[in-house]
Amino acid sequence: MTVQAIGLLPEVLVPTPNVNDDAEHELFIQNASDALARGENVLEFWVPEMDEGFPEFLYYQNLPHLTVVALDRVLLGLPDVVTLFNIVRYLLLVTFPLTVFWSMRRMDFDPVAAAVGAASSSLLATNFLYGFDYESYLWRGLGLYTQIWAMHLCFIALASLWRLVRYGTGFRWTVVILATLVLSHLLYAYMMVVTTALLFLWGMTRANVRARVARLTAAGGIALAITSWMWLPYILERGFLNASPYLQPEKYASYGAPTILGWLFTGELTDHGRLPVLAVLLGLGVGYALVTRVTNALFAVALFLVWLVLYFGRATLGPLAAILPLQETLLFHRFIGGVHIAAIMLIGYGGAGIFAVLRSSASRPRTALAAGIVALALVPALKDRWDFAALNATWMRQTETAIAGDAEMASIVARLRELPAGRVYAGLRSNWGERLDFGIYNVRYLVAPRDHPMPGFLSAIATTSRYVLYSAPSSGHAEFVSLSARESVRTQAELFPRNRAFVDGPAPAARTYVRWDYPAVADRVIGGPVAGCADGGTLRYERLQPSRFDFITSCSTGATLVVKETYHPNWRASVDGQQVASFMVSPSYIGLTLPAGDHFVTLEYRATPLKTPLFGLGALVLLALILARRDLPSLARRRWASARATVRDLRGQSNLRKKRSKASST
């Protein structure tokens with residue numbers, strides 16, 4: 001842990017902007033902090049910087065972000081919220097071995113197995129496969145911030161469920177951990193449900209099945225009640241969750257059995273680019289578990305096999321994948337997390353097997369030799385992780401130096417701050433303009449390399465020796481349009497290609513949109529064309545705020561106004577103070593029907609109405625759980641035993657009376 005703590009310090013000490021998904025997580029934290037400062041509902045708010053805007057916290061686990069915001073308030077803003085975010089990431093990465101050790105001990109693994117599992121937990125290496133390795137978390141990695149929380153919570157939850165199922169202890173603690181996992185990572189909470197199903201079946205007998213059902217049902221039910229403010233709105237509004245077809249196919253389908261089994265036996269799942277020391281320990285752990293037949297080790301083997309098969313994905317499972325609830329939104333490639341949870345336990349058990357073979361119960365030198373050999377086996381993995389972190393630090397410092405020395409870009413950014421608000425496209429230096437046709441839709445400003453040819457409709461407004469800042473012609477954040485048709489569509493999969501055809505066609509330039517009724521019960525055409533504003537219309541005033549837009553519009557005839565922000569049913573529109581209905585127009589923008597004349601138009605995003613009441617319910621349930629004198633399953637068990645005893649007594653008394661009656665008659 002000490003080596004890892006030193007190697008990861010640049011993640012906190014080098015103030016370099018993130019180049020992976022952590023940039024989004026920073027954005028969510030900053031927006032949540034700003035929403036709280038504005039008095040908005042911090043549980044759900046509009047994030048205007050996401051694509052064309054999106055209510056990220058309606059669909060995305062947010063406890064890891066809200067925790068940073070809460071810490072920021074407690075610490076009075078010192079350090080700044082971004083630094084605090086990096087500190088939280090750092091501490092979670094460094095302390096992961098402690099979580100593994102505690103969890104394995106709670107699952108009745110011996111100290112050696114728990115220690116080896118803990119030591120190996122931060123030494124995993126893959127080729128950026130989204131597992132529990134540095135490639136998922138560091139600056140040069142993928143930026144999976146919420147997964148850092150999930151890998152801690154999954155181990156703790158598994159250990160707590162183990163104690164609850166086998167011994168009936170720790171009910172309240174288990175409920176709290178499960179609820180925290182749900183609020184921290186929905187997919188890993190889903191994975192824990194599958195893991196719990198296996199745990200329920202493991203060692204089940206007629207004698208214990210009722211107790212297990214009672215404990216798990218009570219724990220799961222209360223955890224669901226506490227977290228209902230997160231998952232219930234998600235389910236009710238999941239039709240508006242973006243399921244992008246541009247994700248790599250393997251993210252939805254995974255890689256298939258042949259590829260994954262090849263990675264397993266070559267060490268790619270645990271030891272990418274180095275000696276497969278952890279893969280060997282994993283194999284030894286499986287073999288040692290089959291020889292010793294210890295319950296917890298065999299459970300780890302079963303868990304490993306279950307998640308390995310699920311990790312194979314749709315390509316191997318075929319129709320069986322459809323059995324999984326909510327399977328249409330599952331990212332099967334993330335199931336490597338379940339594989340790594342079980343693998344860490346088995347690696348630890350493999351180390352314990354080596355230790356057991358080499359040591360002697362009465363010989364301290366033999367014991368020391370065994371410990372030394374196990375530790376030595378981990379040295380190649382430790383050096384590899386040190387080198388990975390060192391190169392990460394080098395790249396961070398190089399990036400920091402390049403940004404600090406780029407005075408021309410600083411001048412472009414300063415110029416942008418002086419201009420009216422609007423979306424900016426800057427692209428990446430490595431592939432600038434590669435998807436320019438798709439990337440600048442509804443963009444007001446564009447920053448391009450000076451030597452890159454640009455379309456003639458762009459106007460240069462600032463030029464340096466390296467960059468040009470362009471302005472794109474824009475009618476503003478809203479405009480009057482005509483409608484080519486009104487259609488209904490059932491699913492997002494059917495809606496997407498039609499909207500893509502709209503974007504690629506001449507309709508946007510002609511300001512001719514399609515009105516959509518979505519989601520609907522059938523695909524059909526509802527209405528024909530609707531003319532636009534006769535005189536073109538004007539936008540005399542616009543005020544853009546994070547979750548509210550105000551416009552003063554003018555048109556001589558009734559017409560459709562399109563607001564260039566992602567449509568969602570939680571938008572509330574008003575015209576001259578009177579609430580009006582909004583609707584979706586291509587490509588998922590907000591449409592309003594306005595009468596002729598001048599009007600003051602307001603659009604405001606409001607959190608799902610259920611959100612706050614459900615949050616209050618969850619808080620009350622959690623409080624009641626904490627204040628309860630006894631664990632509910634224990635109380636239920638006692639009452640059940642008492643009821644059964646009462647029934648037995650009544651039956652005994654009845655039988656005794658019958659015998660006495662029979663004797664007296666004889």
Legend entry - Eligible aspartates and glutamates near Lys251 by straight Cα distance, threshold 15 Å, same-chain separation 8 or greater: Glu328
Inset, instruction - Order these peptides, 441-451, 84-94, by their mean beta-carbon neighbour count within 10 angstrom, highest first. - result: 84-94, 441-451
Inset, instruction - May I ask you to derive the relative contact order of the range 474-522, considering only C-alpha pairs under 8 Å and at least 6 residues apart, and to give it as an integer percent? - result: 57
Legend entry - Burial ranking of peptide ranges 4-11, 525-532 (average Cβ count within 10 Å, highest at the top): 4-11, 525-532
Inset, instruction - Only loop residues by DSSP count here, and only those with at most 10 other Cβ atoms within 10 Å; note down the chymotrypsin sites (Phe, Trp or Tyr not before Pro) in the range 218-282 that meet that. - result: Tyr246
Legend entry - Under 18 Å from Lys611, Cα to Cα: aspartates and glutamates that are on another chain or at least 8 residues apart: Glu40, Glu44, Glu56, Glu237
Inset, instruction - Round to the nearest 10 and give me the degree value, 0 to 90, for the angle of helix 22-38's Cα axis relative to the longest principal axis of the chain. - result: 80
Legend entry - Principal-axis tilt of helix 492-504 within the chain, Cα atoms, nearest 10 degrees: 30
Inset, instruction - Only Cα pairs under 8 Å and at least 6 apart count here; give the relative contact order of the range 2-385 as a rounded whole percent. - result: 19
Inset, instruction - Find the cysteines in the chain that fail to meet the 4.7 Å Cβ criterion with every other cysteine, and list them. - result: Cys154
Inset, instruction - Divide by every residue of the chain the summed helix terms, -39500 (n - 2.57) for each DSSP H run of at least 4, and state the resulting mean residue ellipticity at 222 nm, rounded to the nearest 500 deg cm²/dmol. - result: -17500 deg cm²/dmol
Legend entry - Convex hull of Cα atoms in the chain, direction-averaged projection (nm²): 41.7
Inset, instruction - Report the Stokes-Einstein translational diffusion coefficient (µm² s⁻¹, integer) for the range 243-371, Rh taken as the Kirkwood radius over Cα pairs, at 20 °C with viscosity 1.002 mPa s. - result: 132
Legend entry - Segments 407-413, 210-216 sorted - mean Cβ within 10 Å per residue, highest first: 210-216, 407-413
Inset, instruction - When a/c is below 1.5 the answer is rounded, else prolate if a/b is larger than b/c, else oblate, so apply that to the range 103-185 with a ≥ b ≥ c taken from the square roots of the Cα gyration tensor eigenvalues. - result: oblate
Legend entry - ³J(HN,Hα) computed for each position of the range 569-586 - Karplus, 6.51 cos²θ - 1.76 cosθ + 1.60, integer Hz, glycine/proline x: x, 7, 5, 10, 10, 9, 10, 6, x, 9, 5, 10, 7, 10, 8, 8, 10, 4
Legend entry - Acute angle (nearest 10 degrees) that the helix 186-201 long axis makes with the longest principal axis of the chain, alpha-carbon atoms: 20
Inset, instruction - Report relative contact order for the chain in percent, whole number only (criteria: Cα-Cα under 8 Å, sequence separation at least 6). - result: 13
Inset, instruction - Give the long-range amide H neighbours of Ala559: residues separated by 5 or more places, or on another chain, with amide H under 5 Å away, using H modelled in the peptide plane at 1.01 Å from N. - result: Leu594
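The numbers here are math on the coordinates, done by the rules we state, and not lab data. Owing to the predicted nature of the structure, the values given are computational and were not obtained by experimental measurement. Every residue, glycine among them, receives a Cβ derived from its backbone with ideal geometry; neighbour counts consider all protein chains shown.
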